[in-house]
Structure formats: C-alpha cells, structure tokens
There are 2 protein chains.
Amino acid sequence: MESGPAIETTTPSARQQAVLDAVLGLMVEAGDQLTMDAVARRASCSKETLYKWFRDRDGLLTATVQWQASRVRAGRFEARALDVATLSESLRDFATTWLEVISSSASIALNRIAIGDAASRKSNLGSIVLANGRFAIGDRLKPLLEAGREAGLLAFDDSETAFRTFFGLVGRDVQIRLLLGDAIDFDAATIRRDAASAVEQFLALYGQPQRQQLPLR
Amino acid sequence: MESGPAIETTTPSARQQAVLDAVLGLMVEAGDQLTMDAVARRASCSKETLYKWFRDRDGLLTATVQWQASRVRAGRFEARALDVATLSESLRDFATTWLEVISSSASIALNRIAIGDAASRKSNLGSIVLANGRFAIGDRLKPLLEAGREAGLLAFDDSETAFRTFFGLVGRDVQIRLLLGDAIDFDAATIRRDAASAVEQFLALYGQPQRQQLPLR
DNA sequence: TAAGAGCCGAACCGTACGGTACGGTACGGC
DNA sequence: GCCGTACCGTACCGTACGGTTCGGCTCTTA
C-alpha cells in the first residue's frame with residue numbers, strides 16, 4: 001500500500017456517470033440504505049444494467065470512488081519563481097482545498113463507506129480512497145515543499161515527514177470528528193482562517209529565516 | 001455534541017463483562033461478521049440473554065464501547081511544580097498514550113463500527129466514541145496546558161485551539177490511514193519517537209522562551 | 001418493416017441476520 | 001422434594017438485500 005499513482009481506469013460513459021452520481025447522492029443523503037435497488041430506482045435504470053456495467057456491488061462502489069476522485073483533481077503545483085509570499089500562498093491553497101474536500105459531505109460519505117469496507121477484508125476501497133486522498137495530495141504537495149527547500153525557504157530532511165506534519169497541522173481533529181458524526185460548522189471563512197494559521201505554524205516550524213528580507217511580520 | 005463528561009453507566013457484572021470482551025475480540029478479529037449469533041457463540045451464552053441484558057444490538061454495541069472506554073482511562077494529570085522538563089515529559093506521556101490507543105486494534109475496530117454507525121443516524125455510537133476519545137483526552141490535557149501557561153512556559157489564547165494543534169501534530173495521518181486499512185508498522189519505538197518530535201514541535205510553536213535558562217538545546 | 005441490441009421494470013431466489021420462542025438444565029429458597 | 005429464576009442451545013420467523021431472470025419497450029440498422 002505505497003503511495004503510487006492514482007489508479008487510472010476507463011472513463012465511464014455519460015449514462016454511467018449519471019449512475020455514479022446517483023450513488024454519490026445516495027451515499028450523502030442516506031449513507032446506510034445504499035442498496036442496489038435504491039441505486040437502480042434513483043438512477044432510473046435496471047439492476048440488470050448495474051450488474052452488467054459494474055459486475056457487482058463492489059465494482060459499483062469502486063467505480064464511484066474513482067469517479068469522485070477523478071473530479072477532485074485540482075490545482076497541481078506549477079514550478080515557478082518561488083519567494084516566501086508565493087510559497088505560503090500556494091500552501092494556503094493546498095490547505096484550503098484539502099479542508100474543503102474532507103469536510104464535503106461526499107468525502108465524508110465516501111470515507112465512511114471505505115472504512116466500513118476496510119473492516120471486512122473483502123474489497124479494497126480503503127486503499128483506493130487512500131491512494132486518491134492522502135497519498136495523492138502528498139504526491140502533489142511534496143514537489144512544492146522541495147521547490148521551497150531548493151529556494152532556501154524551507155528546511156527539512158525528509159519531505160514525507162514534512163508533509164505529514166503539514167497534514168496534521170491542517171487536518172487536526174476535523175476529519176475524525178466529521179466521520180464520527182460531530183456537527184462542526186465548517187464554513188468557507190473558518191476553512192480559510194484555519195488554513196492560514198496552519199500554514200503559519202508550518203512555516204514557523206520549517207521556514208528558513210530570510211536574512212536580507214525585512215523584519216518580523 | 002459538546003465535550004461533556006465521559007458517560008457513566010452502571011458497571012456490568014463479571015459475566016456481562018465477559019460478553020463484552022467477546023464482542024471486542026470479535027470486532028478485532030472479524031470486524032464485519034459481528035452478528036448476534038457470533039457473539040452468543042463466542043461468549044457461550046444464548047441470544048435470549050443478550051437481548052435481555054442489552055435490549056438489542058445497538059445496546060450491546062453501546063455497552064461495549066463504554067466498557068472499552070472505561071478501561072482506557074489512564075494517567076490523569078496531577079498538578080504539581082511545573083518546569084519545562086516535567087511539562088514536556090507530561091506532554092510526551094499524553095502523546096505516547098494517545099498514539100498507542102489509536103493504533104490499537106481494539107480502537108481501530110471500535111472506531112470503524114462507530115463510523116459505520118454514524119452514517120445511519122439510528123444510534124449515537126459516534127458521539128460516545130468521540131466523548132470518550134477525542135474530547136476526553138482534550139479535557140484531560142487542557143488543564144496541563146493551562147498549568148503550563150500559568151507557569152509561564154506556554155503562550156496561547158485559547159486552550160482548545162492549542163489542544164487541537166497538539167492533536168494534529170501527534171496524530172497527523174495515522175488514524176485515517178489505519179482506519180482505511182493501511183498497514184503502518186507502528187511499534188513502540190516509532191510511537192515514542194513520533195510523540196517526542198510532536199511535543200518538540202508543539203513547544204516550538206507554543207513554548208515561551210525561558211529567559212534565565214541556558215541556551216538553545 | 002423486420003431483426004436485433006440495449007435497457008427498463010418487476011418478479012423472483014437464496015441467504016444472512018435481527019429478534020423471538022421454547023425446551024432443557026442448574027441452582028437457591030422453602 | 002418442589003417451585004421459581006436464570007440461563008444455555010436451538011429452532012424458528014420476518015425481512016432486507018445481493019444477484020438473476022424475464023417480459024416488454026425503444027431505438028438502430030438494414
């Protein structure tokens with residue numbers, strides 16, 4: 001279960017995407033009763049079609065996870081002239097996006113399903129979610145961190161460790177609380193504020209003092 | 001869903017405790033097939049007894065969660081003379097204990113059940129787990145943080161915020177990865193090392209410089 | 001317009017599981 | 001010795017759900 005590239009598969013047809021969206025909608029609204037009957041009813045298709053297209057329930061869930069993952073891909077980092085302002089700006093973007101993702105009802109529902117699935121070792125939704133979530137963002141963020149180190153803005157030995165610290169500072173207790181059903185009000189303003197302070201803390205830990213630059217804040 | 005004191009209930013009889021331990025064992029070994037039949041078989045009791053004692057499946061799960069929580073209570077903080085050494089020592093203890101808990105197979109199984117349960121709004125295992133996990137440790141740690149501030153060792157406005165940072169630095173991506181089935185090898189040495197570096201980072205962020213004390217590290 | 005593919009809707013099957021009922025046994029009080 | 005209580009083991013019931021089958025509709029292609 002190493003990082004690895006996000007799993008790539010044949011993109012589903014438009015009709016199939018509609019079905020997968022129905023699954024997502026159902027997950028969000030009623031995470032339990034996610035039955036094949038309910039999916040068929042909601043997507044206005046027959047169960048036969050579901051089984052033909054996705055083999056079985058597991059295949060449907062897997063396809064749904066990958067479908068959702070495929071649309072979360074956002075804001076890959078572009079290497080460019082890096083100063084401390086653009087670096088922390090980029091970090092803030094990452095943190096904001098990440099918090100928005102993990103607090104979205106789709107992500108919560110998906111992670112719940114995958115975690116429930118990880119209990120029974122039948123399928124591997126868990127690893128798919130991990131690959132497209134935690135590890136995908138790690139793969140996207142680490143180049144930025146290393147560019148920051150290259151530019152003398154950051155100091156760390158291991159980018160993986162640095163990333164995990166960043167992950168912790170940003171996520172804190174949010175994900176576990178949401179997964180367990182705690183109703184945090186997590187509006188856009190809060191997210192932006194939390195992201196900014198996480199980045200500030202991260203830079204306090206890993207930032208390299210800029211000598212010729214002017215004083216503290 | 002506020003912090004609140006850990007829920008207290010009548011302690012189960014010895015025989016009932018044996019049943020609850022059977023549930024825990026079953027959760028750990030085969031988190032899925034946690035059926036009433038399996039519990040009865042494993043505990044060598046009849047289903048009728050299970051239903052008499054615990055009302056229904058939810059009651060059994062709830063009792064199990066509380067039973068497990070009741071034995072995790074450990075190392076409450078004792079107010080005493082506080083210098084930077086004893087403070088960071090205590091923080092390391094907290095962090096170590098916490099990492100041990102969340103990486104234990106019992107905790108993983110329990111959280112998986114509670115998360116799966118939080119999806120269907122039928123029961124409130126999620127809030128019970130939260131109250132006895134994340135919030136219980138918060139309630140135990142905050143007095144220590146405030147004592148540290150009192151002693152001039154720490155600087156923060158809101159102990160809740162400070163705690164959440166601590167929580168993130170310690171936990172990082174560990175819990176979500178374990179819940180999703182990632183097989184991290186998380187032995188005692190790793191835990192101790194991770195706990196120590198988390199505390200070091202926390203003190204770097206919230207520690208108050210000690211004037212009369214001698215130099216950097 | 002005939003043949004066929006693709007799909008919908010509904011009926012159906014087998015099984016697993018939550019919950020109940022009941023017969024049988026051990027034990028403590030009278 | 002007899003009764004009540006508590007419990008075990010097992011059979012049983014109802015239902016929910018994954019998966020299959022089938023009749024019929026629509027649309028394409030020739």
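What follows draws every value from the coordinates through simple rules; no lab data is involved. Bear in mind the structure is a predicted one, so any value in this text is a computation, not a measurement. Here the Cβ is made from the backbone with ideal geometry for all residues, glycine too, and neighbour counts use every protein chain on show.
Length gained on full extension, residue A:41 to residue A:184: 48.3 nm, using 0.36 nm per residue less the C-alpha separation.
Can you compute the FRET efficiency between residue B:85 and residue A:105 using 1/(1 + (r/R0)^6), with r the Cβ-Cβ distance and R0 = 45 Å? Round to the nearest 0.05. After rounding to 0.05, the efficiency reads 0.45.
With distances taken between every two different alpha-carbon atoms, the protein assembly as shown has a Kirkwood hydrodynamic radius of 23.5 Å.
In what order do A:142, B:52 fall by count of nearby beta-carbon atoms within 10 Å, going from fewest to most?
By the 10 Å Cβ count, ascending, the order reads B:52, A:142.
For segment A:120-211, trypsin sites (Lys or Arg not before Pro) are listed when DSSP marks them as loop and at most 15 other Cβ atoms sit within 10 Å of their Cβ; the list is A:121, A:122, A:211.
Shape class for segment A:14-68, computed from the alpha carbon gyration tensor (a ≥ b ≥ c): rounded, with a/c under 1.5.
Work from the charge dipole of chain A (Cβ charges, +1 for Lys and Arg, -1 for Asp and Glu, about the Cα centre) and give the residue of A:62, A:186, A:84 farthest towards its positive end. Result: A:62. For residue A:51 and residue A:150, the difference between the fully extended length at 0.36 nm per residue and the C-alpha to C-alpha distance is 30.5 nm. Taking θ as phi - 60° and the Karplus parameters 6.51, -1.76 and 1.60, the scalar couplings of segment A:146-152 work out to 5, 4, x, 5, 3, 7, x Hz in sequence order, x denoting glycine and proline. Working from Cα pairs under 8 Å separated by at least six residues, relative contact order for segment B:93-183 is 30 percent.
Partner lysines whose Cα lies under 30 Å from the Cα of residue B:52, excluding those fewer than 8 positions away in the same chain, are identified as B:122.
For residue A:190, neighbours were defined as the other residues whose beta-carbon sits under 13 Å from its Cβ, and their charges (Lys and Arg +1, Asp and Glu -1) total 0. Across B:180, B:24, B:82, mean-square fluctuation computed from a Gaussian network of chain B (C-alpha pairs under 10 Å connected) peaks at B:180. Taking the Cβ-Cβ separation of residue A:196 and residue A:11 as r and a Förster radius of 45 Å, what is the calculated FRET efficiency to the nearest 0.05? E(calc), rounded to 0.05, equals 0.80. Relative to its residue count, chain B spans a Cα convex hull of 135 Å³ per residue. For chain A, the relative contact order comes to 24 percent (Cα pairs under 8 Å, sequence separation of at least 6).
Proximity of backbone amide H atoms, modeled 1.01 Å from N, is registered between residue B:154 and B:149, B:208 at under 5 Å, excluding neighbours fewer than 5 places apart on the same chain.
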